[in-house]
Amino acid sequence: MRCESCGAELPQGQSTCEYCGSTWDRVVPAVAVAPSKDRDVFARIRQSPAWAERHSPLRQARLPQMSPLATVAPILFLVIFIMAAGFIGMMMLGMAGTAAGFSRMGPMGGGFALMPAFMALVPGGFIVLGVFMLAKHVKSTGAFRSAPIQSHAAIIAGKRTQVSGGGQNSSASTTYYITAEYENGRRDEFATMTHDLYARVSEGDAGVLFVRNRYALDFDRLAI
């Protein structure tokens, strides 16, 4: 069964929609409310000039690309981070070696020698973390660059933002997402390549969506 107002799937015999709150005297079978309007929208997208020109060199050239700075800057930061952690770790081990020399001078020296050695485990952990983050960044960047650019006839079904960080020692970072619905009813969520794309689209917009890997690059909205 489907809701008469929003089209959501409902259990058999339910007369109140748990999604939009609409209430009716009867529940209409799903076959009686087939989404013919959406089928017409997708047909008009495929008949539009924007759909015909989606693969043209001029249109492809206007798509946003990942900037070299966004690729190189995190790599440089992580390399410096790993090197700094390694330098601190070597200093700690050097102090442990020096303290071990004093251990022969008295019974307290052995315990003193162990302290820098244990402290060296902290920068060692930072080195492991830095290497992991570096490998993850290189892998995600490579996956984006090797992925083909795809275009879809789509309707924007949703938008959301996700804020991360913002603690006492870090600045907040916001990621923008849009959800696209295709002609077969499937929905995919993509992070937007630019903040401008998130601002330009609204729920219900129909048009040609350009995606690459898990990123939405651009959207040609059609007046449908």
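Subtract the Cα-Cα distance of Asp40 and Arg214 from 0.36 nm times their separation in residues, and report this length gain in nm to one decimal. Could the numbers behind the result be given before it?
On the way: separation 174, 0.36 × 174 = 62.64 nm, distance 2.75 nm.
Extra length available between Asp40 and Arg214 comes to 59.9 nm.
Mind checking the full-extension length gain between Ala191 and Gln162? Use 0.36 nm per residue of separation minus the Cα-Cα distance, one decimal, nm. It would help to have the intermediate numbers written out before the result.
Details: separation 29, 0.36 × 29 = 10.44 nm, distance 1.00 nm.
Going from the current span to full extension adds 9.4 nm.
Take Tyr215, Tyr176 and sort them by solvent-accessible surface of the protein heavy atoms, 1.4 Å probe, largest at the top. Walk me through the numbers on the way to the answer.
Values: Tyr215 85, Tyr176 55 Å².
Putting Tyr215, Tyr176 in descending order of accessible area: Tyr215, Tyr176.
Order of 133-143, 197-207 by packing, highest average Cβ count within 10 Å first? Intermediate results must be reported in sequence, preceding the final value.
Working: 133-143: 13.3, 197-207: 15.7.
Highest-to-lowest ranking by the protection proxy: 197-207, 133-143.
Go ahead and run the numbers for FRET between Ser173 and Ala135, Cβ-Cβ distance against an R0 of 30 Å, rounding to 0.05.
Values: r = 21 Å, r/R0 = 0.69.
Efficiency at R0 = 30 Å is approximately 0.90.
The values are calculated or read from the model by the stated rules, or taken from the named source; none is laboratory data. Values in this document were obtained by computation on a predicted structure and should not be read as measured data. When we count neighbours, we look across all protein chains shown, and the Cβ atoms used for this are built from the backbone with ideal geometry, even at glycine. Keep in mind that these areas ignore ligands, DNA and RNA; they rest on the heavy atoms of the full protein, side chains included. Shrake-Rupley method; radii C 1.70, N 1.55, O 1.52, S 1.80 Å.
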